[in-house]
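Visitor: Got a structure for you, questions after.
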Amino acid sequence: MNARLELDRYRSDYDGYRHPNSAYRPLSLQRPEPFNHVPREAEVTGPIRGRQECHTAPAEWRLLGWLEREGFGYDVWSEAQLHFGQLELDHYRVLIISGHPEYWSPEMYWRLKAWVFERGGRLMYLGGNGICGAVEFPDSDTMRFLNHVGDEDHPERGASRFAQHAESPARLLGVEFDDRGIMTAAPYRVLDATHWAFAGTGLKEGDLFGQASQHERIHGGASGHETDKLSPSDSPAGTELLAKGTNPDEGGADMVYHETASGGRVFSTGSITYIASLLVDAPLSRLTANVLSRFAEPGGA
């Protein structure tokens, strides 16, 4: 579902592009997704090459490798399973979404938001440009991509295309995509070293971390490729800014944390290249492990 650049190969109604603000793109979920696979000869600590590979399965495989290295158990679910109600969120304390989880159905979003805001779920968003475009599933084999009412048509709805069909994802994630710094990468800079997430990292206020990366498409660090930032109008009250990417043009990802009245917790990194640093950047790895360990505790505070 994330191999977005391949959708044109499967488009059956080219005329859907006649109007610039709408496009109908059916994609059978039973068809193969080129490049969204891990080559047999790949090493989990090796480089991540290629346009699609750097934000689809080969990148997310590194997250699984990191979880195993750090001793965390996990189950793997697809986004479509969340849509169709096959993923019982209440069976888990923590949900991790990562890489480039761009296209979501409104049903997926509202399910996840209710779990976090009403039932105390803990969400780790280790990706960028997430929940930015909307899709629908006419049936279990088909995804329809809903695209594109531009920002200029509905400025009151904010920058996210997803807001045209639901609301700004910043109301859940604390951040939303904008294109400042696009196709650049850089380390993060610590802004709040007193936060518990930085315990044991050795990082101080102003220090850089996330310099090392397996990502070969966009070199430079853990904040990159496409990045999300705080929304003045939609980030929840009390959202804490822990670190910010040092990308040019104020384009760095905002790393944020917020809590909900129900006991829910959200940690967002706002960067596609983040998971490409997990296995190779020690301070970033420790920070991420701190958050996951705390979220997995019964209290989770």
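The values are calculated or read from the model by the stated rules, or taken from the named source; none is laboratory data. In this text the structure is predicted, and so the values were computed from the model without any measurement. Cβ: placed from backbone, ideal geometry, glycine included. Neighbour counts: every protein chain shown.
Visitor: Determine, yes or no, whether HIS91 is touching a helix residue (DSSP H, G or I) at 6+ places or on another chain (Cβ under 7 Å) and at pLDDT 85 or above.
Guide: no
Visitor: So, one more: Is at least one residue of the stretch 198-216 at pLDDT below 95 and surrounded by fewer than 22 Cβ atoms within 10 Å (Cβ to Cβ)?
Guide: yes
Visitor: Right, another one. Provide a single number: the residues in the stretch 56-71 that are in a loop (DSSP other than H, G, I, E, B), at pLDDT 95 or above and surrounded by 15 or more Cβ atoms within 10 Å (Cβ to Cβ).
Guide: Within the stretch 56-71, the subset in a loop (DSSP other than H, G, I, E, B) is 56, 70-71.
Remaining after also requiring at pLDDT 95 or above: 70-71.
Those still in the list that are surrounded by 15 or more Cβ atoms within 10 Å (Cβ to Cβ) too: 70.
So the count comes out to 1.
Visitor: For SER231, all conditions in the list (1) of a type in the set (S, T, N, Q); (2) out of contact with any Gly (no Cβ under 7 Å at 6 or more places or on another chain); (3) buried (at least 21 other Cβ atoms within 10 Å of the Cβ) hold save one; what is the number of the exception?
Guide: Result: SER231 fails condition (2) only.
Visitor: Next question. Are any residues in the stretch 159-174 of a type in the set (A, V, I, L, M, F, W, C) and under 18 Å from TYR257 (Cβ atoms), and if so, which ones?
Guide: Within the stretch 159-174, ALA170, LEU172, LEU173 qualify.
Visitor: Would you check which residues across the stretch 73-124 are free of Cβ contacts under 8 Å to residues at least 60 places away in the same chain, outside any helix (DSSP H, G or I) and farther than 21 Å from SER160 by Cβ and list them?
Guide: Correct list: GLY73, TYR74, ASP75, VAL76, TRP77, PHE84, GLY85, GLN86, LEU87, GLU88, TYR92.
Visitor: Just the residues that are within 26 Å of ARG51 (Cβ to Cβ) and aromatic (Phe, Trp, Tyr), please, taken from the stretch 66-116.
Guide: TRP66, TRP77, TYR103, TRP104
Visitor: Quick one: in the stretch 249-295, which of the residues that are of a type in the set (Asp, Glu) and more than 15 Å from the chain's Cα centre (by Cα) is farthest from ALA197 (Cα to Cα)?
Guide: ASP249
Visitor: Consider ARG265 carefully, then state whether it is under 19 Å from LYS113 (Cα atoms), in contact with a Gly (Cβ under 8 Å, 6 or more places away or on another chain) and of a type in the set (Lys, Arg). Give the steps one after another, and end with the answer.
Guide: Numbers: under 19 Å from LYS113 (Cα atoms): yes; in contact with a Gly (Cβ under 8 Å, 6 or more places away or on another chain): yes; of a type in the set (Lys, Arg): yes.
In short, yes.
Visitor: Evaluate the following for VAL266: is it hydrophobic (A, V, I, L, M, F, W, C) and in contact with a helix residue (DSSP H, G or I) (Cβ under 7 Å, 6 or more places away or on another chain)? Working first, answer last.
Guide: Values: hydrophobic (A, V, I, L, M, F, W, C): yes; in contact with a helix residue (DSSP H, G or I) (Cβ under 7 Å, 6 or more places away or on another chain): yes.
Taking the combined requirement at face value, the residue satisfies it.
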